[in-house]
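The values are calculated or read from the model by the stated rules, or taken from the named source; none is laboratory data. Computed from a predicted structure; not experimentally measured. For neighbour counting, all protein chains shown are included, and Cβ atoms are generated from backbone atoms with ideal geometry for every residue, glycine included.
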Amino acid sequence: MTGRQVIRILGIDPGLRRMGWGMIAIDGSRLSFLGCGCIQSDGDLSLAERLRQLHDGLTQIADVWVPDEVAVEETFVNKDAQATLKLGHARAVALLVPALRGLSVAEYAANQVKKTVVGVGHAEKAQIAAMIKVLLPLSNAKTPDAADALAVAITHAHHRKSHDLLSRTMARAGSTRVAS
């Protein structure tokens with residue numbers, strides 16, 4: 001018996017058309033591929049209905065795969081404010097579903113994900129997909145969104161201890177300020 005706990009991490013690459021998801025397990029420093037895919041919304045429906053589709057799909061993923069922790073890629077802000085706002089709505093769903101389950105949710109910038117997985121902060125999608133195959137040889141990401149979600153999960157696996165320490169430190173600092 002190793003005494004280590006296997007942690008199941010769900011990575012999410014938010015998108016209104018396609019929300020990528022990737023599930024990995026970490027046991028010590030060993031990563032294992034569990035599953036990945038893409039939740040799609042119907043572009044002919046209203047925004048509210050599309051968000052419901054994403055919510056229902058992500059809820060089903062969480063029911064089936066039962067993650068211990070979740071990592072979500074932060075929104076990339078571009079010049080099209082309307083597109084950025086719609087992406088923000090999809091990202092809200094990606095944050096809400098695990099939060100409703102009481103799961104811890106970490107957020108990572110796209111450049112941090114790329115740097116962690118590829119070693120370069122401005123890597124192309126093809127480079128990310130290639131590194132996913134190296135890091136998780138059994139993975140079967142059929143879309144860039146699924147590969148990106150696996151990259152988010154891997155990033156969390158690498159940064160989770162420092163992320164937890166920072167969260168605890170911030171919480172203590174907040175409670176100290178309140179007590180003062």
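Numbers below:
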quantity: Residue 110, sole failed condition from (1) in contact with a Phe, Trp or Tyr (Cβ under 6 Å, 6 or more places away or on another chain); (2) without any contact (Cβ under 8 Å) to a residue 24 or more places away in the chain; calculated: (2)
quantity: Filter result for residue 93 (farther than 16 Å from residue 146 by Cα and either aromatic (Phe, Trp, Tyr) or without any contact (Cβ under 8 Å) to a residue 40 or more places away in the chain (or both)); calculated: no
quantity: Single match in 115, 79, 125 (criterion: of a type in the set (Lys, Arg), under 30 Å from residue 4 (Cα atoms) and either touching a Cys at 6+ places or on another chain (Cβ under 6 Å) or without any contact (Cβ under 8 Å) to a residue 24 or more places away in the chain (or both)); calculated: 115
quantity: Pick from the stretch 30-41, criterion over 17 Å from residue 131 (Cα atoms) and out of contact with any Phe, Trp or Tyr (no Cβ under 7 Å at 6 or more places or on another chain), ranking: surrounded by the fewest Cβ atoms within 10 Å (Cβ to Cβ); calculated: 40
quantity: Residue among 44, 27, 13 that alone is of a type in the set (Asp, Glu) and surrounded by 16 or more Cβ atoms within 10 Å (Cβ to Cβ); calculated: 13
quantity: Members of the stretch 130-154 found to be assigned to a helix (DSSP H, G or I) and out of contact with any helix residue (DSSP H, G or I) (no Cβ under 8 Å at 6 or more places or on another chain), listed by number; calculated: 130, 133, 134, 145, 146, 149, 153
quantity: Residue satisfying all of: in the stretch 153-165; at pLDDT 60 or above and of a type in the set (A, V, I, L, M, F, W, C); surrounded by the fewest Cβ atoms within 10 Å (Cβ to Cβ) among these; calculated: 157
quantity: Residue count, the stretch 112-152 (criterion: of a type in the set (S, T, N, Q) and surrounded by 19 or more Cβ atoms within 10 Å (Cβ to Cβ)); calculated: 2
